[in-house]
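Report on the following structure.
The values are calculated or read from the model by the stated rules, or taken from the named source; none is laboratory data. In this text the structure is predicted, and so the values were computed from the model without any measurement. Note: ideal-geometry Cβ built from the backbone for every residue, glycine included; neighbour counts use all protein chains shown. Heavy atoms of the whole protein, side chains included, go into the accessibility calculation; ligands, DNA and RNA do not. Shrake-Rupley method; radii C 1.70, N 1.55, O 1.52, S 1.80 Å.
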Amino acid sequence: MNIGILGSGDVAKSLAQGFLQQGHAVMLGTRDIHKLSEWQRTYDKAKLGNVAATAQFGEVLVLAVKGTAAAAVLRDAGNANLKGKIVIDTTNPLADKPPVNGVLQFFTDMNLALMEKLQAEFPDVRFVKAFNSVGSARMVQPKYTDGTPTMFICGNDDSAKQTVSKLVQALGWEVADMGKAEAARAIEPLCMLWCILGFKDNEWTHAFKLLRK
Ligand SMILES: NC(=O)c1ccc[n+]([C@@H]2O[C@H](COP(=O)([O-])OP(=O)(O)OC[C@H]3O[C@@H](n4cnc5c(N)ncnc54)[C@H](OP(=O)(O)O)[C@@H]3O)[C@@H](O)[C@H]2O)c1
C-alpha cells in the first residue's frame, strides 16, 4: 500500500519506520524536506515531498502534525488529493499553553473533538483516530510483560476502520473500536492521562490496555 504521512516529527518518523518494515511504500510530507535528510539516510526507501504531493501519493494518509496546524495542513494537501481517502488522525488538540500540575491544556472542549472539527471541514475524508495516546517510541511493535496494549480508534466509516485496524494490528496492537467520530471526545483526552503519568513518574513508555473479562 502507498502510505502518505503528513508530518516530519517523531510520530511521522516512527510510523514511517513501522510501515516500511511492513513492506508499504511510504512518503513523508513537510514544508521543509531538509529537516528529514539525516533520518532518510537510515530510511532511504522513504520518499519525501511537500504536503500536497504526499497526499496525492498516499492511498492511506496519516495526519501527524501539531494539532493547531492540522486543519491548515489538510487545506495545503488539497481537497482533490484527499477526496475519499482514509486519514489516520494521530493529532492531539494541545493548546500553546503549559500543562497545569502535569495536565495538558487543550484548545478544544469536551463536547467537540479536534477530529470532529476536521471531519466537518473535510466531509469527503474518512478520518480514523489512532495512535494519539501512546508515545512515539512505543508506536511500533510495543513489547510489554503485561500483554499487548490496546489502540483505541474511532471514525464514521466502518470500512476505513477495518483497513486501519489491520494496519494497527500489524504494528503490534490490539484494536478497540469506540464508534463514530464523537468518540474522539474521549480518545483525545487519553493523551492527557498518558502524559500525567509521564510527568509524575518521569517515565514515558507506558500504554493503555482494555480488560474485558
Ligand atoms: N510525540 C509523541 O510522542 C506523540 C504521541 C501521540 C500523539 N502525538 C500527536 O501527534 C502529532 C505529531 O506529533 P509530533 O511530536 O510528531 O510532532 P509535533 O512536534 O507536534 O509537530 C511537528 C509537525 O507539525 C507540523 N507543523 C507545526 N506547526 C505547523 C504550522 N504552523 N503549519 C504547518 N505545519 C506545522 C510540522 O510541519 P513541517 O514538517 O512542515 O515543519 C511537523 O510536521 C501531534 O498532534 C501530537 O500531539 C504525539
Could you name the aspartates and glutamates whose alpha carbon sits less than 15 Å from that of K83, not counting residues in the same chain fewer than 8 places away?
E59, E121, D124, D157
For the stretch 1-97, what class follows from the C-alpha gyration tensor (a ≥ b ≥ c being the square roots of its eigenvalues): rounded when a/c is under 1.5, otherwise prolate if a/b is larger than b/c, else oblate?
oblate
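Express the C-alpha Rg of the stretch 117-213 as a ratio against the empirical globular expectation 2.2 N^0.38 Å, rounded to two decimals.
Scaled against compact globular proteins, the figure is 1.10.
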Which of the listed residues, F127, S8, L190, is farthest toward the dipole's positive end in the chain, when Lys, Arg count +1 and Asp, Glu count -1 at the beta-carbon?
S8
Shape call, the stretch 170-213: gyration tensor on alpha carbons, a/c limit 1.5:
oblate
How much accessible area per residue does the stretch 108-179 have, in Å², with a 1.4 Å probe?
43
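Packing-wise, with mean Cβ within 10 Å as the measure, how do 36-43, 91-98, 13-20, 125-132 rank, highest first?
For the peptides 36-43, 91-98, 13-20, 125-132, the packing ranking is 125-132, 13-20, 91-98, 36-43.
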Using a ≥ b ≥ c from the Cα gyration tensor of the chain (square roots of the eigenvalues), is it rounded, prolate or oblate, where a/c under 1.5 gives rounded and otherwise the larger of a/b and b/c decides, a/b for prolate?
rounded
Using 0.36 nm per residue of separation minus the Cα-Cα distance, give me the extension gain between D76 and D32 in nm, one decimal.
14.5 nm
Quick one: length gained pulling K117 to A69 fully straight, 0.36 nm per residue minus the C-alpha distance?
16.0 nm
Rg/Rg_ref, the stretch 83-128, where Rg_ref = 2.2 N^0.38 Å and atoms are Cα:
1.37
Could you tell me the center-to-center distance, by alpha carbons, between the stretch 1-61 and the stretch 115-137 in angstrom?
18
GluC sites (Glu not before Pro), restricted to the stretch 106-213: which are DSSP loop and have at most 10 other Cβ atoms within 10 Å?
E203
In nm, what is the difference between 0.36 nm times the number of residues separating K97 and A137 and their Cα-Cα distance?
12.0 nm
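What trypsin sites (Lys or Arg not before Pro) does the stretch 133-208 have in DSSP loop regions with at most 15 other beta carbons within 10 Å?
Listed in order of number, the matching sites are K143, K180.
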As a check on your grasp of the helix formula, calculate [θ] at 222 nm for the chain: sum -39500 (n - 2.57) over DSSP H runs of n ≥ 4, divide by the residue count, round to the nearest 500.
-9500 deg cm²/dmol
Rounded accessible area per residue of the stretch 39-94, 1.4 Å, Å²:
45
What is the percent carbon and sulfur in the accessible area of the chain, measuring with a 1.4 Å probe over the protein chains and ignoring ligands?
51
Dipole moment magnitude, nearest 20 debye, the stretch 2-201 about Cα centre, only Lys, Arg, Asp, Glu C-beta charged:
360
Mind giving me the FRET efficiency for N202 and M110? R0 is 30 Å, r the Cβ-Cβ distance, nearest 0.05 is fine.
0.60
In the stretch 1-152 the DSSP beta bridges are antiparallel at a rate, in percent to nearest 5, of 15
By a straight-distance test (C-alpha under 26 Å), which lysines pair with K85 as possible cross-link partners, with residues fewer than eight away in the same chain excluded?
K13, K45, K47, K66, K117, K129, K161, K166, K180
